[in-house]
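Below you'll find the structure, written out as structure tokens, and then a few comments.
The values are calculated or read from the model by the stated rules, or taken from the named source; none is laboratory data. Bear in mind the structure is a predicted one, so any value in this text is a computation, not a measurement. Cβ coordinates were reconstructed from backbone atoms using ideal geometry, including for glycine residues, and neighbour counts include every protein chain displayed. Areas reflect the complete protein model, heavy atoms only, side chains present, ligands, DNA and RNA absent. Shrake-Rupley method; radii C 1.70, N 1.55, O 1.52, S 1.80 Å.
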Amino acid sequence: AAALSLGGLLGQAKTGDALVMDRAVVPFRFLHGQVQVHDALAHNPAIGVTLRGGLDLRRSTADLRGTVVPAWALNHLPGRLPVVGKLFSPETGGGVIAMTMRITGPLDDPSVAVNPLSLLVPGALRTLFK
């Protein structure tokens, strides 16, 4: 239950405990040394991660954007509502409360930036923070 909170997840990361995802779906297209990821989702009940963007295998670089969704098991449900779901969560598998993130740079040492202020922004407006 403690892992369902953001503090619990950070505590898990500090102690070195593995963060195991129950499910991952990563649709991608490979063309000319580029891997284009779209609507990727990995999750467990405590956390979800959405991703889209690209990996340039020729240059060994990443440029991915997405969201980190705390308490994924409950947080993603409003986004599944017919018609109005995209207002709560613009990305597939995202949540009402989520932080935007970006992974950029060399594949062997990428920069990971998370915007905690994006937690305060409703789902439909969160795309402005990516």
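Yes or no: LEU41 modelled with pLDDT under 95 and over 12 Å from the mean Cα position of the chain (by Cα)? Judged against the criteria, LEU41 is not a match.
Any residue that is among the small types (Gly, Ala, Ser), at pLDDT 90 or above, touching a Pro at 6+ places or on another chain (Cβ under 7 Å) and surrounded by 14 or more Cβ atoms within 10 Å (Cβ to Cβ) - is there at least one of those in the range 73-87? Step through it out loud before you land on a result.
Within the range 73-87, the subset among the small types (Gly, Ala, Ser) is 73, 79, 85.
Adding the requirement that they be at pLDDT 90 or above leaves none.
No, the conditions are met nowhere in the range 73-87.
Among the residues here, ASP17 does not qualify as in a strand (DSSP E or B), surrounded by fewer than 18 Cβ atoms within 10 Å (Cβ to Cβ) and either at pLDDT 90 or above or over 16 Å from the mean Cα position of the chain (by Cα) (or both). Taking residues in the range 24-37 that are under 14 Å from THR61 (Cα atoms) and outside any strand (DSSP E or B), and partners anywhere that are open to solvent by less than 80 Å² (accessible area, probe 1.4 Å) and modelled with pLDDT of 95 or more, the pairs with Cβ atoms closer than 7 Å and at least 6 places apart or on different chains are GLY33/ASP56.
Only residues that are open to solvent by less than 30 Å² (accessible area, probe 1.4 Å) and part of a strand (DSSP E or B) were counted in the range 44-67, giving 10.
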